[in-house]
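Read through the structure below, which is laid out as structure tokens, and then see the notes.
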């Protein structure tokens, strides 16, 4: 009985793993062996990552390579195991969207030892991969905070909403924002608190801030759009939206809509499409032993009401 | 012993009053109408889930799938709540229906398979998370109609609509628990299941009801959350089950079953809400909030244990 | 013989103003079995707790071989030589017999010193346990896990533990409440051996016949007061009951006042694999059918099958000539069957619910107003039942846990009665119930029969079976061995068929 159950669980696990792998077997453009690239993504529950993954998928199709995508579900351990199995399958290149700076690093070493090129996309690991494709999170916060400084004329009270404390993105965005605050002594950081990347939490936090600081708030910087959207909701409910500047990062569709409506003042566009596409391009070049750039930095772009049309599909 | 059990019963009210007093003294912003309304608003979703899980815990069970049900029902409702598509009742019925169905599924598996509720609902927790992602294809479902967004964001005479829903749900749940035969049977099943069965109670039927009601209330919470943040998010509600269970336990519901009140649970939910609100007001980092919450949960269970001793 | 090992002088103890014990004297001789008698609430358990050091008395002293023990902690009294075999046996099921016997004393037994003193020496522990059990003449493997033992065997292990502690005084609290007659005989043999070795036993039991069989001396407490100490030979059952209850009970078992009517329940060739087979009997309106037999004879299993708690494989059950196969208790209740379980805590009442909520639990449909509860009718029905059954409770809202055993039993009977049954099965209805309440339950059972119900009473107490039943069905190892009329039944005859 018990063995049956374990057996069933194993089969189920295998099936589930199978579901996760969206293979791309169509249209090999004639002749030659088709390249196989394995990709392990941080989390397919995150909209931005899904967008990157979709861009990779599209690019792979275009270039006629086979792409195997798996979801690490935010577990670095799982990610390392996935890279191990890619190596076992003998893929030609690996793309990793790292879960953690340190804990995902062993995967880099494994791939290097197996002489398979490994490309980090979107975020970094402490071990140096074959190539990095992504954007510098510090820069995104600088752009956002600079916009706030400019709009407030270098003077005013700012609140900052952090992501999950201790994650690479949170630390970088914190650093970038603080850099600009330092350069603008007229800006005062009234309070900072984590909203855990979550819209409902960001909303609650803003409601509580409104209680505490009321009219004194001039601007809110949220480290991602989800929390920023929550802040907008809370400010609207309190009738303060017109008075408080809200800026966040990521440019998810919801945020773009809000910028268009004028409820969110600005967001910072991180180019998922470019990141995904460039990652595939770099991986293919590395696999074919052609020349490639070691650090592909995709620039951020500030999105405001003026230019939002360029980003809306 | 009497002294302690009385304290166990009323201790939560005392503790709550005391904490509110301390907060009112430490920040003038705490005890204002607008802040109290905000707390009520923030507490509403957790309280709805906590009411549901109180029924379940009273019968001696547990439901870990609350958070996932919030996500599934939220996404399901949002999918039918785009402007100018369906009338408002459609997303509401879809959401509530999905929640009840998931709850009934929990009940069915628990009563038919005799697998402990902890394990069954651990399974549905994961299943639900997957369903939410499948339904939404991994992306938030946004662009919802104004009527739908009123549920979580609107006011009636200055009172946020979620608070009104909360109060109605509280009244209904209290009546179900105290004034109906079903409520009586819940206490009996949790107090001594074999004796309840021997008394002629159809235990499976009671459990089916309880898990279905829990699913329904989770759906209400899911709709409220979706409407409040104006998107159906597949990863919403993660960890909500723990807050809800904590509220029930702080409110004096015994995890061994057979005791618990809706009033206690409401106070438990308020206590959690008040603490997180006031620590934000005082600009204390959320790390400390978690420590405080943990201490309160253990304290509540210790009190409960003291009350039970002979 | 006049050397007292234990002397208790003028012990008093109050709990929050209520006197639980009032100036109690108790003298225990070396090598005697001294029974402590009294109804529930007489103060026996408080007295025992004082002896073993769980409760500190307000005044008075406990002298063990002349040494004042009052105020000593449990671990000290245990070391000094007072052990207690609790009614609910305290064991660790996953450990072995030997490990349980020497639990907490592994260091002494292992016999290693210095750096090795923290190491277990299991073979030594097993050897000593084997020797001990051997000396007691019981056949239990020291390496067996406790959870695989029967209740009686666990008790033997507890006694072995007491002996290994060099106990001079062993207190036994209701030691026969959960073991079979045959096992009782073994237990009594061990008690006699212990006596011969000079160990003194304080024996607590509700079972009169046992008391007279085993004890040398009897002390009676009533309402926390010392009533008297007599040699067992000087007393008979009635005199003892009079001491305990404080009045004479002229007739323990009430006679039938109504003639027996038509058949209500009939069971034909009922069988369940491994439990019972070929059971055939009927019960008529106004009749009490006694079900006698040893533990494990299948009596409870038959009742459970009729009530829909267990399934059955073959045969037929009919109520008034209509076949019934209840799959759940609800169906049985709806067809007019009531069952009062032997396992009052497990299958009887719901401890955290009030007297009212327990009593109406099987008949909530009578108080249905829409989906809501009609509290008024519920309240009045409960008050009526409390009066009818003379349930001693602080009110309808009192939690059942706080009632005495007899009153808890009445609450369960009340619940069954409110579902208006025609057939009632009572399984060990007076287990753990004190003498006064027993008598009331007997009267109640007879009056139910007189009101036209058919009663099946399962009991391990032969006097009860003989006194109350109109007919007696005797079972042995799942088979029915005799169906005796009241006139022909005797204690010896029943026992003969019960072991057949």
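Values in this text are rule-based calculations from the coordinates and carry no lab data. These figures come from a predicted structure and were not determined experimentally. Cβ sites come from the backbone with ideal geometry, for glycine too, and all protein chains shown count toward neighbours.
The Stokes-Einstein estimate for chain C, based on a Kirkwood radius over Cα pairs and taken at 4 °C with 1.567 mPa s viscosity, is a diffusion coefficient of 52 µm²/s.
With the simple model of a label 7 Å out from the Cα in the direction of the Cβ, residue C:185 to residue C:76 spans 4.5 nm. As a length-normalised measure over Cα pairs under 8 Å and 6 or more apart, the relative contact order of chain C settles at 15 percent.
DSSP assigns beta bridges within region C:263-498; of those with both partners inside it, close to 55 percent run antiparallel.
At an R0 of 56 angstrom, the distance between the Cβ atoms of residue B:115 and residue C:242 translates into a FRET efficiency of 0.50. Each peptide in B:241-252, B:220-231 receives the mean, over its residues, of other Cβ atoms within 10 Å, and ordering these scores from highest gives B:220-231, B:241-252. Relative to one another, the C-alpha centroids of region A:183-214 and region B:158-224 are positioned 38 Å apart.
Mind pulling the angle between the C-alpha long axis of helix A:137-151 and the longest principal axis of chain A? Nearest 10 degrees, somewhere in 0 to 90. So the inclination is approximately 20 degrees. Averaged over peptide B:202-208, the number of partner chain Cβ atoms lying within 10 Å of each residue's Cβ comes to 1. Here region B:75-109 and region C:356-418 have alpha carbon centers that stand 42 Å from each other. Model label points for residue C:94 and residue A:164, set 7 angstrom from Cα along the Cα-to-Cβ axis, are 3.4 nm apart. For the peptides A:197-203, A:46-52, B:32-38, C:234-240, the ranking by packing is A:197-203, A:46-52, B:32-38, C:234-240, with the highest mean count of neighbouring Cβ atoms within 10 Å listed first. Based on DSSP H segments of at least four residues, each scored -39500 (n - 2.57), the protein assembly as shown has a per-residue ellipticity at 222 nm of -15500 deg cm²/dmol. Counting Cβ atoms of other protein chains within 10 Å of each Cβ in B:183-194 and taking the mean gives 5.
Within region C:4-245, antiparallel bridges make up roughly 55 percent of the DSSP beta bridges whose residues both belong there. Averaging the sequence gap over all C-alpha pairs within less than 8 Å and six or more residues apart, then dividing by the number of residues, gives chain B a relative contact order of 35 percent.
Given chain A, what percent of its DSSP beta bridges are antiparallel, to the nearest 5?
In chain A, DSSP labels about 5 percent of beta bridges as antiparallel.
Take each residue in C:345-357, count the other chain C-beta atoms within 10 Å of its C-beta, and the mean is 5.
Placing pseudo-labels 7 Å out from each Cα toward the beta carbon at residue A:293 and residue C:233 gives an inter-label distance of 11.3 nm.
Comparing Cα centroids, region C:64-95 and region B:16-44 end up 54 angstrom apart. Apply the a/c threshold of 1.5 to the C-alpha gyration tensor of the protein assembly as shown and tell me whether it is rounded, prolate or oblate. Prolate. With q set to 0.25, 0.28 Å⁻¹, the log10 of I(q)/I(0) for region A:106-152, from the Debye formula over equal scatterers at the Cα positions, is -0.85, -0.96. Each peptide in C:25-34, B:254-263 was scored by the mean count of other Cβ atoms within 10 Å over its residues; highest first, the order is B:254-263, C:25-34. Between B:151, B:134, B:163, the Gaussian network model of chain B with springs among Cα atoms under 10 angstrom shows the greatest mean-square fluctuation at B:134.
With an 8 Å Cα cut-off and a minimum separation of 6 or more residues, compute the relative contact order for chain A in percent.
17 percent
Under the classification rounded if a/c is under 1.5, otherwise prolate if a/b is larger than b/c and oblate if not, where does region A:137-269 fall, given a ≥ b ≥ c as square roots of the Cα gyration tensor eigenvalues? Note, shape of region A:137-269 comes out rounded.
For the pair residue C:124 and residue C:320, a Förster radius of 56 Å applied to the C-beta separation gives a FRET efficiency near 0.25, rounded to the nearest 0.05.
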